[in-house]
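These notes concern the structure reproduced below.
The values are calculated or read from the model by the stated rules, or taken from the named source; none is laboratory data. Keep in mind that this is a model prediction, so the values were computed, not measured. We place every Cβ from the backbone using ideal geometry, glycine too, and count neighbours over all the protein chains shown.
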Amino acid sequence: MAVDYEIAILLNSQLPEGQAEEAIERYQKVITDHGAEVLKVDRWGVRKLAYNIQKQQQADYTFVQFSGDKEAVNELDRLCKLDESVLRHMIIRPEGGFEPEPEPEPEPEPEPEPEEESAEPTEEVAEGEDAEETDDTDDGAVDEPEEDDAESEEDVE
Amino acid sequence: MNRSRVKVCRFCEEKTSRIEYKEVRLLQRFVTERGKIIPRRMSGTCARHQRALTRSIKRARQIALLPFASESIR
C-alpha cells in the first residue's frame, strides 16, 4: 500500500553549478525506480541554517513529496546517508497524508495574520513576543509565571 | 487576569487542521528566544494542537529551520 512521504534534503550550498539540480533529479529517479510516485518537488534554494551543520552556515533546501512503499524510503535514506553533498535529510510521514493543497507553499510570505493581534491584545503577551523578536534580552520575561508579583511591585513603586 | 484572556487556542480559532513544520514564521512564535518550546500554559494552545506544534517544532529543528538553542547560548 502506498503511503505518502516527504523528504527534506539539505544539500551543500557550495556545490558546483547545476550539481544540486542534478542530485535532486537523481533522487527523484530513485523514488520512481522503486515503485513510488513523485507528487511534488519544492525547491527552496539556499537558506541560512539555524545552526551550523558540518561547519556550513547555509544549505540548499529541497522538499520532495512522494507516495510509495518502504523500499523507496529505505533506499532513499541509505543513499542520502552515503551522499557527502547531503548535509542532512529527513523523511517524514505527514499526518493524514497530503491534502489537495490550494496554495502551493505559504512559506516565503509570513502571512501577516491580523488575528494574532486581535485575538491576544494582552500587554503581557505582546511584550513577551516583542522580546522574542528583538532577541537581545535575557529570557527572564518569558519564564515568569507570576504576573501578580509584577503588579504588586508596580503598586509599591 | 492575563491567563483568562489568552485562554483561546489560536489554532482552534483558525480551524488549522495541520501544523506544517516548514512554516518557520509560525513556529517561531511558539518558541522562546532561547529556542525552547513555549508551554501550553503560557501560549493557551489546546492539547491537541500543542502536540502537533511540538512535533512540528522538533522536525523543524532537525533540518535546522529552528535552533535547538539560540546562537548566544551556544
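Worth pointing out:
- Residues being modelled with pLDDT of 95 or more and of a type in the set (Val, Ile, Thr) - total across the stretch A:47-63: 1
- Residue that is within 14 Å of chain B (Cβ to nearest Cβ) and over 26 Å from B:Ala52 (Cβ atoms), where the choices are A:Leu49, A:Leu15, A:Leu11: A:Leu11
- Number of residues in the stretch B:23-54 that are under 11 Å from B:Leu66 (Cβ atoms) and in contact (Cβ under 8 Å) with a residue 40 or more places away in the chain equals 1.
- Considering the conditions (1) surrounded by 18 or more Cβ atoms within 10 Å (Cβ to Cβ); (2) at the interface with another protein chain (Cβ under 7 Å from one of its Cβ atoms); (3) farther than 24 Å from A:Val41 by Cα, B:Glu13 is excluded by exactly one of them, (1).
- The single residue among A:Ile31, A:Ile9, A:Ile24, A:Ile53 that is surrounded by fewer than 17 Cβ atoms within 10 Å (Cβ to Cβ), in contact (Cβ under 8 Å) with a residue 24 or more places away in the chain and of a type in the set (Val, Ile, Thr) turns out to be A:Ile53.
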